[in-house]
Amino acid sequence: MVDFCFKDRYNISDLLKIMEILRAPGGCPWDAEQDHESIKKNFIEETYEVVEAINMANPGMLCEELGDVLLQVVFHARMEEEKGIFNFDDVADGICKKLIERHPHVFGDVKVSSSNEVLANWDDIKRKTKGQATQGSAMQKVPRELPALMRADKIQSKAKKAGFDWTSVDGALEALESEIKELRYAIKNESNERAKDELGDVLFSAVNVSRFLDIDAEDALTCSTDKFMNRFLSVERLAAERGIDMKTKSVEELDKLWNEVKRSNQ
C-alpha cells in the first residue's frame with residue numbers, strides 16, 4: 001500500500017502527491033515511461049474536450065474536463081521537477097507575476113476606460129517583455145502548432161497593427177477571387193505542389209475575409225462541416241427509402257438528392 005492519505009475531498013496538493021507517486025519507482029509503469037513528447041497530443045485532446053463541454057453548456061462535464069487539463073499541467077511540471085529544472089509552484093509563480101504585470105490598471109496606477117485599452121496595454125506589455133520590437137517579430141512568436149485557420153487570423157491581425165491591411169472587406173474579397181483564379185490555373189497547367197501552394201493562398205485569403213466580417217474562421221468551417229454531415233445523413237436516408245444504391249449512382253444523380261435535401265432544409 002502506498003503512503004497516501006485517502007480523503008472525502010482532495011485539493012491541488014493531493015493531485016501533486018498522486019502524480020509523484022505514479023511516477024515514482026513502484027508506481028504506475030505507464031505514467032513513469034511518459035515524457036513531454038509522448039503525451040503532448042493528450043494535452044491538445046483534453047483542451048478540445050473542455051471546449052466541447054463549454055459548447056454543450058454542461059457544467060458537470062466542464063468541471064471534469066478542466067480536471068483533465070490540470071492533470072496535464074501537473075504531469076509536465078512533475079517531469080521537470082524530477083530533473084531539477086522547475087516545479088508546479090514555479091509554474092504558478094510565473095503566471096501570477098505575468099497577470100500582475102499585464103494588469104497595471106488593477107495592480108498599478110494605469111487608468112483605462114474600455115476593454116480595448118486593456119487589450120492594447122496587454123499587447124504592448126507582452127511585446128516589450130518578450131523583446132518583440134516590431135509586429136514582424138511578434139508574428140514569429142505565434143506558434144506554428146496552432147490550428148492553421150487560427151494561426152492565419154493571428155498573423156493577419158498583427159499585420160493589421162502594423163498598418164498592413166485592406167481598407168475594407170472588398171479588398172479582401174478581390175484578393176480571394178484572384179487567388180481562386182490562380183488556383184484554377186495551377187490545377188490545369190502546373191504541378192500538384194504548385195496547386196497546393198495556391199490552395200493555401202485561397203484558404204489564407206478566406207480567413208482574411210472572415211476577419212473583416214468579425215467571424216471566427218474556425219467556427220465558420222466547423223458549422224459548415226456540421227451542415228455537410230447532416231445533409232449527407234439525410235441523403236443517405238432518402239436513398240435508402242427509395243432503394244437507391246449510392247455507390248452505383250452517378251454524381252449527377254446523387255447531386256439531385258443533395259439538392260432535394262438542401263431545399264427541404266432551407
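The values are calculated or read from the model by the stated rules, or taken from the named source; none is laboratory data. Remember, predicted model here, so these are calculated numbers, not experimental data. We place every Cβ from the backbone using ideal geometry, glycine too, and count neighbours over all the protein chains shown. Remember, those area values only see protein heavy atoms, side chains included, never the ligands or the DNA or RNA. Shrake-Rupley method; radii C 1.70, N 1.55, O 1.52, S 1.80 Å.
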TODO: Subtract the Cα-Cα distance of residue 264 and residue 70 from 0.36 nm times their separation in residues, and report this length gain in nm to one decimal.
DONE: 65.3 nm
Task: Where labels lie 7 Å past Cα in the beta-carbon direction, separation of residue 232 and residue 82 in nm - done: 4.1
Open item on the list: Under a Cβ-only charge scheme (Lys and Arg +1, Asp and Glu -1), can you give me the dipole magnitude of segment 117-200 about the Cα centre, in debye to the nearest 20?
Closed with: 520
Open item on the list: Compute a Gaussian network model of the chain, connecting alpha carbons closer than 10 Å, and tell me which residue from 41, 98, 126 fluctuates the most.
Closed with: 41
Open item on the list: Within segment 110-206, count lysine pairs with alpha carbon atoms under 20 angstrom apart where the residues are 8 or more positions apart or belong to different chains.
Closed with: 23
- [ ] Send over a whole-number figure in Å² for the accessible area per residue of the chain, probe 1.4 Å.
- [x] 72
Open item on the list: Multiplying the sequence separation of residue 168 and residue 98 by 0.36 nm and subtracting their Cα-Cα distance, what value in nm do you get?
Closed with: 21.6 nm
TODO: In vacuum, with every alpha carbon of the chain counted as one equal point scatterer, what does the Debye formula give for log10 I(q)/I(0) at q = 0.07, 0.10, 0.11, 0.16 Å⁻¹? Two decimals, please.
DONE: -0.46, -0.87, -1.00, -1.37
Open item on the list: Once you place label points 7 Å from the Cα toward the Cβ at residue 148 and residue 45, how far apart are they in nm?
Closed with: 2.3
Open item on the list: Restricting to DSSP loop positions (anything but H, G, I, E, B) with no more than 14 other Cβ atoms inside 10 Å of their own Cβ, which chymotrypsin sites (Phe, Trp or Tyr not before Pro) remain in segment 145-189?
Closed with: 164
- [ ] Determine, from the Cβ-Cβ distance of residue 106 and residue 130 and an R0 of 25 Å, the FRET efficiency 1/(1 + (r/R0)^6), rounded to the nearest 0.05.
- [x] 0.75
TODO: Set the Förster distance to 45 Å, then compute FRET efficiency between residue 141 and residue 240 from the Cβ-Cβ distance, nearest 0.05.
DONE: 0.30
TODO: Measure nothing but the geometry: give the 0 to 90° angle between the long axis through the Cα atoms of 217-241 and the longest principal axis through the Cα atoms of the chain, rounded to 10°.
DONE: 60
- [ ] Counting other Cβ atoms within 10 Å, keep those with at most 16, restrict to DSSP loop, and tell me which trypsin sites (Lys or Arg not before Pro) in segment 195-266 are left.
- [x] 242, 249
TODO: At most 15 other Cβ atoms within 10 Å and a DSSP loop assignment: could you name the GluC sites (Glu not before Pro) in segment 140-248 that fit?
DONE: 145, 190
Open item on the list: Between segment 1-75 and segment 118-161, how far is it from one alpha carbon centroid to the other, in angstrom?
Closed with: 30
TODO: Could you look at segment 1-111 and say what percent of its accessible area is carbon and sulfur, using a 1.4 Å probe and all protein chains?
DONE: 59
